[in-house]
Amino acid sequence: MNGAEFIVRILIKSGSRTVFGYPGGTVLSLYDSLYRHRSEIRHVRTSHEQGSAHAADGFARMSGKPGVCIATSGPGATNLVTGIANAFMDSVPVIFITGNVEHSLIGTDSFQEVDIVGMTLGITKHSWAVRSPDMLIDAMTSAERICMTGRRGPVLVDVAKDVLDCDSPDYTDALEMFEPFSQTETACGAKTETAPDEEEISGVLGLIAESKKPLVICGGGVRQAGAGEELIEFARSAGAPVCQTLMGIGTLEPDEPLNLGLMGAMAGKAAKKALNECDLIIAVGARLGNKVADISGLVSGGKKLVQIDADRAEINKIVKADAYIASDAKMALRGILARSGGIAGRKPWLTRDSFAENVSGVQKHDLKKGFVDPEDIFAAVKKGAGNSLTVASDVGLHQLYTASHFPLGPADRFISSGGLGTMGFGIGASIGAKIAGPERTTVLFAGDGGFMMSMNELATVAAEKLPLIIIVMRNGELGMVREMQRKYCGRRYSQTKLGLKVNIPRLCSSFGIDGVRARTAVEIEQAVKDAVCENRAVVIEVRTVLRGAEND
Amino acid sequence: MTKTMKTISILVDNEAGVLARVTNLFSRRGYNIDSLAVGTTDDPAISRITVRVDCDSRVLEQIIFQVGKLVCVHKVKVLDDSMRVSRELTLIKVKADEASRGGIIDIAQVFRARIIDLTPDALTIELTGDGEKTDALLDMLRPYGVIEMARTGIVALDRGSESIADSPYVFD
């Protein structure tokens, strides 16, 4: 058995049924093995390696298992870099496998040689520069475990071509002895994953008991730990309303009175009021990145802070916590609930019901004929697409609109690039998400800028016959950047008016995908319904206006 | 918060690329390394990195837990300044002719440094110390003309029977 065959058989034994990638010179033998095993493992070839990386990322977010992405050396590997960084920033488990030049050529600037391990040191959870069968065995038998334990994240296995090509007698035994990672292991004290400490729990309970106006910030760690139910039970017992970060959206039911929705620039009035007036912030599975920390006035507001995070390094990183629990959200919340006698049954000091107006607080625009208001777009898509949706977004204003306006709950799955803010993430990610959850209607909201960055992947959507529903919210500008130019650059809109002449429906039809230009909410709903009904892909272009500053 | 010089010991796998991972982390997160020394331990599979960093207590906490997340890192210990012994080896090559040689040798003796190489126009001094002593010797030698020098970086151990095995920061 050669290295390539070993990799493919380990993946199959781990339960991977789909991998994403793009072939090339150094991974010839890997693709040869994939060909041999094509009835057991599906390979999805994208138009570009970045699309593969985002697809593996979307697959992992949807399935809760590692995505797998393969690329060749040199440009194949460097084209993955944005996708690796994206997965790293959002703690998504992906196994990236790259070929490299032959062992003897490494370090000689040979054709298509780059030091991809060196380039990605700061954006991988771990990586291996595999130059021998022993190292390949070590890498492939521990990759999934490292991805999935503690705070999740991407790993990179970079394999010299000769290791992929050559046989080793050790592979057979290693494959035989290999025990696939099982989900239950995540709870047994692997790296940075510990059960909550009783003293830590007491400290947190003490602060909650003192607090008159506690507020929960729910991040992506809650869903990753499968702790959505524990979170709402905790919030109810502590009488604390809940704001969500971009990564946390969809953790609570949209009609839950304690659910104040998205925090940040697009937060609704209730969320803003809560962030202003609270005296204690309980951040659960939220890393309090600068975008979140600034907004919540954590630095200057004099509020107390409790942090619950699986990654001990996140505690005190941005803001000093007054108490913390360094543990997985599920274990921590269960630990608190088991001892919450002192705080149980408190009345919530603020709920969304106390506000008559829409949670978003965004005003309707005076729209020209043929333009549709974003809220009407979301309502029409929701009506057409039904329940238990996978909703993905690209990056930009439409992303914040989707996160704050589209009704997303625990039955849905929201897939969006949070930490890196990668324009062009959407189509690749929704390809992966649809493959991981084929039974769900999958809707992608994209802006016209991000759509143009990644529309090459429509070829993949067509080739794989993926019934994706892609809504292009065409506002003709790079809205989020434009918003910053309005605020900070004296309204000099440098390069943010797109001036696209592209006919999106015709572009789509040349890819073999139905493209529709919808002028009213009714047309949107109908186009979505038709696509769902006929189980086919559709790209619906809608002209709209997105503004980011109404709430400022 | 006030910054002070901290001495941190890190036990890592003795493998290619491990030092790059640790230093990459320090550099990308903006932790400023004052001194760094690496070598194997009594267990050939494990290396010990001794790093000196000028930082406040918040950054120190970050360093411990960020470094601890690296798969190749097993243990981290912050060595208490008053409860550690530390040494650095320095080689200093100084211009020395017949007229100046005697003065330089006198200075070296005061610092308990050794002359390990001597030629008609230069000599090389070996000094073992805790870092500050090296700086003081260097100041004294500068007027004679320092040709070049090399420092190993500081290595340190706890005093007494306490060791890195007693560290609360275990990341296995």
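The values are calculated or read from the model by the stated rules, or taken from the named source; none is laboratory data. None of the values given here were measured: they were computed from a predicted structure. Ideal geometry is used to build each Cβ from the backbone, glycine not excepted, and the neighbour counts take in all protein chains shown.
The set of residues from segment B:150-172 being within 14 Å of chain A (Cβ to nearest Cβ) and in a strand (DSSP E or B) comprises B:Tyr169, B:Val170.
Looking at segment A:1-28 only, could you name the residues that are β-branched (Val, Ile, Thr), in contact (Cβ under 8 Å) with a residue 60 or more places away in the chain and either surrounded by fewer than 24 Cβ atoms within 10 Å (Cβ to Cβ) or under 20 Å from A:Met177 (Cα atoms) (or both)?
If the condition is that a residue be β-branched (Val, Ile, Thr), in contact (Cβ under 8 Å) with a residue 60 or more places away in the chain and either surrounded by fewer than 24 Cβ atoms within 10 Å (Cβ to Cβ) or under 20 Å from A:Met177 (Cα atoms) (or both), then A:Ile7, A:Ile10, A:Thr18 are the ones that fit.
Which of the residues that make up segment A:5-49 are farther than 24 Å from A:Ile116 by Cα and either among the β-branched types (Val, Ile, Thr) or part of a strand (DSSP E or B) (or both)? Answer for segment A:5-49, where residues must be farther than 24 Å from A:Ile116 by Cα and either among the β-branched types (Val, Ile, Thr) or part of a strand (DSSP E or B) (or both): A:Ile12, A:Ile41, A:Arg42. Out of everything in segment B:33-66 that is more than 9 Å from chain A (Cβ to nearest Cβ) and assigned to a helix (DSSP H, G or I), what residue ends up being surrounded by the fewest Cβ atoms within 10 Å (Cβ to Cβ)? Among those residues, the one meeting the criterion is B:Ser57. Restricting attention to segment B:3-21 and to residues that are surrounded by 19 or more Cβ atoms within 10 Å (Cβ to Cβ) and in contact with a strand residue (DSSP E or B) (Cβ under 6 Å, 6 or more places away or on another chain), the residue that is farthest from B:Leu157 (Cα to Cα) turns out to be B:Val18.
Conditions tested, residue by residue: (1) modelled with pLDDT of 95 or more; (2) in contact with a helix residue (DSSP H, G or I) (Cβ under 9 Å, 6 or more places away or on another chain); (3) under 17 Å from A:Arg312 (Cα atoms).
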{"site": "B:Glu88", "(1), (2), (3)": "no, yes, no"}
{"site": "B:Ile92", "(1), (2), (3)": "yes, yes, no"}
{"site": "B:Asp97", "(1), (2), (3)": "yes, no, no"}
{"site": "B:Gly102", "(1), (2), (3)": "yes, no, no"}
{"site": "B:Asp106", "(1), (2), (3)": "yes, no, no"}
{"site": "B:Ala113", "(1), (2), (3)": "yes, yes, no"}
{"site": "B:Leu118", "(1), (2), (3)": "yes, yes, no"}
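The condition of being surrounded by fewer than 23 Cβ atoms within 10 Å (Cβ to Cβ), out of contact with any His (no Cβ under 9 Å at 6 or more places or on another chain) and either hydroxyl-bearing (Ser, Thr, Tyr) or under 23 Å from A:Phe59 (Cα atoms) (or both) does not hold for A:Gly107. The sole residue among A:Leu275, A:Leu305, A:Leu252, A:Leu298 that is part of a loop (DSSP other than H, G, I, E, B), in contact (Cβ under 8 Å) with a residue 24 or more places away in the chain and surrounded by 21 or more Cβ atoms within 10 Å (Cβ to Cβ) is A:Leu252.
Hey, A:Val395 hits all of (1) on the phi > 0 side of the Ramachandran plot; (2) in contact (Cβ under 8 Å) with a residue 40 or more places away in the chain but one; which does it fall short on? If we test A:Val395 against (1) on the phi > 0 side of the Ramachandran plot; (2) in contact (Cβ under 8 Å) with a residue 40 or more places away in the chain, just (1) comes out false. A single member of A:Val157, A:Val81 is closer than 24 Å to A:Ser417 by Cβ and touching a strand residue (DSSP E or B) at 6+ places or on another chain (Cβ under 9 Å), and it is A:Val157. One residue stands out in segment B:22-32 among those that are facing chain A (nearest Cβ under 10 Å) and without any contact (Cβ under 8 Å) to a residue 40 or more places away in the chain: the one that is surrounded by the most Cβ atoms within 10 Å (Cβ to Cβ), namely B:Thr23. For residues in segment B:102-121 being over 19 Å from the mean Cα position of the chain (by Cα) and buried (at least 18 other Cβ atoms within 10 Å of the Cβ), which is farthest from B:Val155 (Cα to Cα)? Checking each candidate, the answer is B:Ile104. The residue of segment A:266-314 that is nearest to the other protein chains (Cβ to nearest Cβ), among those that are touching a strand residue (DSSP E or B) at 6+ places or on another chain (Cβ under 6 Å) and farther than 21 Å from A:Thr251 by Cβ, is A:Arg312. For segment A:53-67, a residue qualifies if it is assigned to a helix (DSSP H, G or I) and in contact with a helix residue (DSSP H, G or I) (Cβ under 7 Å, 6 or more places away or on another chain), and the qualifying residues are A:Ala53, A:His54, A:Ala55, A:Ala56, A:Asp57, A:Gly58, A:Phe59, A:Arg61, A:Met62, A:Ser63.
Condition test on A:Gly437, is it buried (at least 22 other Cβ atoms within 10 Å of the Cβ), among the small types (Gly, Ala, Ser) and in contact (Cβ under 8 Å) with a residue 24 or more places away in the chain?
no
Checked against (1) over 30 Å from B:Asp172 (Cβ atoms); (2) touching a residue at least 40 places away in the same chain (Cβ under 8 Å); (3) crowded, with 19+ Cβ neighbours inside 10 Å, B:Leu79 passes all but a single condition, namely (1).
Going by the structure shown, is A:Asp328 under 24 Å from A:Ser417 (Cβ atoms), surrounded by fewer than 22 Cβ atoms within 10 Å (Cβ to Cβ) and either at pLDDT 95 or above or more than 14 Å from chain B (Cβ to nearest Cβ) (or both)? It is false that A:Asp328 is under 24 Å from A:Ser417 (Cβ atoms), surrounded by fewer than 22 Cβ atoms within 10 Å (Cβ to Cβ) and either at pLDDT 95 or above or more than 14 Å from chain B (Cβ to nearest Cβ) (or both).
Looking at segment B:61-72, can you tell me whether even one residue there is under 21 Å from A:Ile318 (Cβ atoms), touching a residue at least 60 places away in the same chain (Cβ under 8 Å) and not hydrophobic (A, V, I, L, M, F, W, C)? Yes, segment B:61-72 has at least one match.
To keep it simple, each residue is scored yes or no on (1) of a type in the set (Val, Ile, Thr); (2) surrounded by fewer than 24 Cβ atoms within 10 Å (Cβ to Cβ); (3) in a helix (DSSP H, G or I); (4) assigned by TED's automatic domain parsing to the domain that holds A:Gln526.
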position: A:Val381; (1), (2), (3), (4): yes, no, yes, yes
position: A:Gly419; (1), (2), (3), (4): no, yes, no, yes
position: A:Gly424; (1), (2), (3), (4): no, no, no, yes
position: A:Gly450; (1), (2), (3), (4): no, no, yes, yes
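Against the conditions (1) surrounded by 24 or more Cβ atoms within 10 Å (Cβ to Cβ); (2) assigned to a loop (DSSP other than H, G, I, E, B); (3) modelled with pLDDT of 95 or more, A:Ala321 satisfies every one except (3). Scanning segment B:117-149 for residues that are over 12 Å from B:Val94 (Cα atoms) and either in a strand (DSSP E or B) or of a type in the set (Phe, Trp, Tyr) (or both) returns B:Leu127, B:Thr128, B:Gly129. Check A:Lys434 against each of (1) in a loop (DSSP other than H, G, I, E, B); (2) under 17 Å from the mean Cα position of the chain (by Cα); (3) among the basic types (Lys, Arg) and name the one condition it does not meet. Exception for A:Lys434: condition (1).
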